[in-house]
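The structure appears below as structure tokens.
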Amino acid sequence: MNIFELLCDHTVLVVVFGSALLGMVSGLLGTFSVLRRQSLLGDGVSHAALPGVAAAFLLTGTKDSGTLLLGALLSGLTAAGLIFSSVKKSKVKFDAALATVMSSFFGLGTVLLTCAQKLPNATQAGLHSFIYGQASSMLERDALVTIICGGAILAVVLLLWKEIKVFVFDRDFALQLGIPCGRINLILSFLTVLGVIIGIQTVGVVLMSAMLIAPAAAARQWCDKLWLMAALSALFGGISGAAGAFAGALAPGIPTGPSIVIAASALAVFSLLFAPKRGVLYRIYLRHKAMKKEESYGCGN
Amino acid sequence: MDAGIEIQLIAALTAAGCAIPGSFLVLRRMSMTADSITHTILLGIVLAFFVTNDLSSPFLIIGAALTGPVTVWLTELIVKTRLLSEDSATGIVFPLLFSIAVILITRYAGSAHLDTDSVLLGELAFAPFDRMIIFGTDIGAKGVYLSGGLLLLNILLTVLFFKELKIVSFDPVIAAVMGFSPTLINYGLMTMASLTAVGAFEAVGSVLVTAFMTAPPAAAYLLTHDLKKLLIISCSIGGASGILGYNTAMLLDVSIAGCMAVWTGLFFMAAFVYSVVRKKRGAAAKC
């Protein structure tokens, strides 16, 4: 199949469109995770979603993505709640609580998956795709779920934009202004969990964290304004989603999830190196210029 | 030896071995580095496999063990530019390396006995089939020797460098002033962690190695203030989770590694509840 034929193929278009949309949603949410230095929360939540997926399947017996994602959402939220409450109520640090909760939830997920495998009918076959993701099997309905959730996330972010902005950059100031920081934190965490959950079907639980972090990390290098960073991050996420899905469609052997992640990480590395004013190369240039200036002063004396 | 006992032995030894480097990672707030390393060793294994074309080659383990320090080095390279915080850098490096590994496997190693499932999830139930044979005599499962050897190596290194590890973990600045190189100790620790992870991944899979590295030390951290006690408690919790996990898995006929990870999580929750209750009692006693 050449590229032109691919562009006309309906299934491929749905997959590319859906992946791009997921990239945009996670790029937007990643902005806040990266700025709050909680980028790895997405990693934790996505691993913790696995028992929810398996339990939803075991309880209902359907593989309907809405039901499975609801299960994932519930177990992701439980994990996030456990992580935050154990950090708040004991001396355990955030990283340890995160790693512990996420890996034991993932363990529970594999236990439930082995339970599902013992069922007599072969309906459980697709469950494994949640671990690595399977964008190429995305249907119009899945894309619709993404559109609805993505729209809701965008609406909430726009509605609370001012509060979120103050909260992300200066929590003490936000408290002084009377902004309910606890609630904003809860809402942001909930949105992140939701974004992660809808992203899982495309890139899988293991790689989902990169979809949150890489576009936002890339966007951060190009600008100093929050709205610009959020927009750029969504754009980068969208581009990498579409590019990865295309690569998967062009060469059938290539798994879509990892190619999306590689596209997003390549954007991030490029930005770290070449971004104007912040990038590594620009700084080397500045240092070089400063040294030259010093040298010329040296000659003058 | 009975296969069931062998599996329990491997499980307990592996979990206890993971708890030692894990304790230092948790103390240094680097738990997510354990998660990162356990994912990136896949790339090391794949690359080494392309070179040696043999899954049981010792070079495979060496190649994989080197990926740990390389991952940490790459992460620190990004952090040093001060363009990203440490968590973001970690979150970019390991998914990238893991993705490369997954693509390499699906493209080029599809026919070989190397798939992402076995790396990510592991299969302990098959461990007793891999026998250690010396001079024609069967002396037990290979896994027992591998996990036991790693545990012994971890204990030996911890005893030898206890002072250095302790001071670097609690106060890297003082350590540097006193002439212990935090960088050297750091990379040594990362090599150990990744070697242990490579040894363990075959049995329990890479995600669950994270559970054994972080959950028992996190639980022990809530129970004691003493580093030696912390190490001993973590190893005991790890070993207990291994044995309890195996028996639960046999009872319910489910994944052994998964059950072990769930047990480590339960131990953590128990320690957490205990510490909260103790704190409340302490507060009540003061009133």
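The values are calculated or read from the model by the stated rules, or taken from the named source; none is laboratory data. A quick note: this is a predicted structure, and the numbers were derived from the prediction, not measured. Cβ: placed from backbone, ideal geometry, glycine included. Neighbour counts: every protein chain shown. Heavy atoms of the whole protein, side chains included, go into the accessibility calculation; ligands, DNA and RNA do not. Shrake-Rupley method; radii C 1.70, N 1.55, O 1.52, S 1.80 Å.
Taking the condition crowded, with 21+ Cβ neighbours inside 10 Å and more than 10 Å from chain B (Cβ to nearest Cβ), does A:ALA242 pass? Step through it out loud before you land on a result.
Numbers: crowded, with 21+ Cβ neighbours inside 10 Å: yes; more than 10 Å from chain B (Cβ to nearest Cβ): yes.
Considered against the rule, which asks whether it is crowded, with 21+ Cβ neighbours inside 10 Å and more than 10 Å from chain B (Cβ to nearest Cβ), A:ALA242 comes out as yes.
When the residues of the range B:33-69 are filtered to those that are open to solvent by 70 Å² or more (accessible area, probe 1.4 Å) and assigned to a helix (DSSP H, G or I), which remaining residue is nearest to B:LYS142 (Cα to Cα)? Write out each step before concluding.
Filtering the range B:33-69 for residues open to solvent by 70 Å² or more (accessible area, probe 1.4 Å) gives B:47, B:50-51, B:53, B:56, B:58-59, B:62, B:66.
Imposing the further condition that a residue be assigned to a helix (DSSP H, G or I) reduces the set to B:47, B:50-51, B:58-59, B:62, B:66.
On the way: B:LEU47: 24, B:PHE50: 24, B:VAL51: 24, B:PRO58: 13, B:PHE59: 17, B:ILE62: 18, B:LEU66: 22 Å.
Of everything passing the filter in the range B:33-69, B:PRO58 is nearest to B:LYS142 (Cα to Cα).
I need the full set of residues from the range A:27-69 which are under 12 Å from A:VAL196 (Cβ atoms) and touching a Cys at 6+ places or on another chain (Cβ under 9 Å), in order please.
Correct list: A:LEU69 only.
Residues being assigned to a loop (DSSP other than H, G, I, E, B), away from chain B (no Cβ under 14 Å) and either without any contact (Cβ under 8 Å) to a residue 40 or more places away in the chain or touching a strand residue (DSSP E or B) at 6+ places or on another chain (Cβ under 9 Å) (or both): count how many of those fall in the range A:63-102.
Of all residues in the range A:63-102, those assigned to a loop (DSSP other than H, G, I, E, B) come to A:63-64, A:90-93.
Okay, now just the ones that are also away from chain B (no Cβ under 14 Å), so A:63-64.
With the extra rule that they be either without any contact (Cβ under 8 Å) to a residue 40 or more places away in the chain or touching a strand residue (DSSP E or B) at 6+ places or on another chain (Cβ under 9 Å) (or both), the set shrinks to A:64.
The number of residues fulfilling the criteria is 1.
Go through (1) out of contact with any helix residue (DSSP H, G or I) (no Cβ under 6 Å at 6 or more places or on another chain); (2) farther than 21 Å from A:LEU272 by Cβ for A:THR202 and report which single condition fails.
(1)
Of the conditions (1) more than 19 Å from B:GLY149 (Cβ to Cβ); (2) open to solvent by less than 20 Å² (accessible area, probe 1.4 Å), B:ARG28 fails just one. Which one is it?
(2)
Given the conditions (1) surrounded by 23 or more Cβ atoms within 10 Å (Cβ to Cβ); (2) within 14 Å of chain A (Cβ to nearest Cβ); (3) free of Cβ contacts under 8 Å to residues at least 24 places away in the same chain, and given that B:VAL276 satisfies all but one, which numbered condition is not satisfied?
Among (1) surrounded by 23 or more Cβ atoms within 10 Å (Cβ to Cβ); (2) within 14 Å of chain A (Cβ to nearest Cβ); (3) free of Cβ contacts under 8 Å to residues at least 24 places away in the same chain, the lone unmet condition for B:VAL276 is (1).
Can you name the residue in the range A:42-74 that is open to solvent by 10 Å² or more (accessible area, probe 1.4 Å) and within 17 Å of the chain's Cα centre (by Cα) and is also farthest from A:ARG141 (Cα to Cα) among such residues?
Filtering the range A:42-74 for residues that are open to solvent by 10 Å² or more (accessible area, probe 1.4 Å) and within 17 Å of the chain's Cα centre (by Cα), the one farthest from A:ARG141 (Cα to Cα) comes out as A:LEU73.
How many residues does the range B:258-273 contain that are open to solvent by less than 30 Å² (accessible area, probe 1.4 Å) and more than 19 Å from B:ILE20 (Cα to Cα)?
Qualifying residue count for the region: 3.
Here's a check for you: in the range B:218-247, which residue that is within 8 Å of another protein chain (Cβ to nearest Cβ) and farther than 30 Å from A:LEU58 by Cβ is least open to solvent (accessible area, probe 1.4 Å)?
B:LEU222
Please work out which residue is nearest to A:PHE94 (Cα to Cα), limiting yourself to the range B:248-273 and to residues that are aromatic (Phe, Trp, Tyr) and more than 7 Å from chain A (Cβ to nearest Cβ).
B:PHE267
If you scan the range B:175-200, which residues turn out to be in contact with a Leu (Cβ under 8 Å, 6 or more places away or on another chain) and within 14 Å of chain A (Cβ to nearest Cβ)?
B:ALA193, B:ALA200
Looking at this structure, is A:ILE254 within 10 Å of another protein chain (Cβ to nearest Cβ), in contact with a Lys or Arg (Cβ under 9 Å, 6 or more places away or on another chain), closer than 30 Å to A:PHE130 by Cβ and among the β-branched types (Val, Ile, Thr)?
yes
Quick check on my filter: what residues within the range B:82-106 are within 22 Å of the chain's Cα centre (by Cα), within 7 Å of chain A (Cβ to nearest Cβ), open to solvent by 10 Å² or more (accessible area, probe 1.4 Å) and of a type outside the set (A, V, I, L, M)?
Answer for the range B:82-106, where residues must be within 22 Å of the chain's Cα centre (by Cα), within 7 Å of chain A (Cβ to nearest Cβ), open to solvent by 10 Å² or more (accessible area, probe 1.4 Å) and of a type outside the set (A, V, I, L, M): B:ASP87, B:THR90.
Counting just the residues of the range B:171-196 that are under 21 Å from the mean Cα position of the chain (by Cα) and hydrophobic (A, V, I, L, M, F, W, C), which one comes out surrounded by the most Cβ atoms within 10 Å (Cβ to Cβ)?
Checked the range B:171-196; the qualifying residue surrounded by the most Cβ atoms within 10 Å (Cβ to Cβ) is B:ALA193.
Can you tell me which residues in the range B:235-287 are over 18 Å from A:ALA97 (Cβ atoms) and among the hydroxyl-bearing types (Ser, Thr, Tyr)?
Passing the criteria: B:SER236, B:TYR246, B:THR248, B:SER255.
So A:ASP224 clears everything in (1) part of a loop (DSSP other than H, G, I, E, B); (2) away from every other protein chain (no Cβ under 14 Å); (3) within 23 Å of A:LEU273 (Cα to Cα) except one condition, right? Which one?
The number of the failed condition is (2).
If I ask for residues that are within 9 Å of the chain's Cα centre (by Cα) and more than 8 Å from chain B (Cβ to nearest Cβ), which ones from the range A:201-214 would you list?
Initially, the range A:201-214 is screened for residues within 9 Å of the chain's Cα centre (by Cα), giving A:207-214.
Within the range A:201-214, A:MET208, A:MET211 meet the criteria.
Hey, can you tell me all the residues within the range B:131-178 that are on the phi < 0 side of the Ramachandran plot and at pLDDT below 80? Let's see the steps before the verdict.
Narrowing the range B:131-178 to residues on the phi < 0 side of the Ramachandran plot: B:131-134, B:137-139, B:141-178.
Listed by number, the residues that qualify are B:ARG131, B:MET132, B:ILE133, B:ILE134, B:THR137, B:ASP138, B:ILE139, B:ALA141, B:LYS142, B:GLY143.
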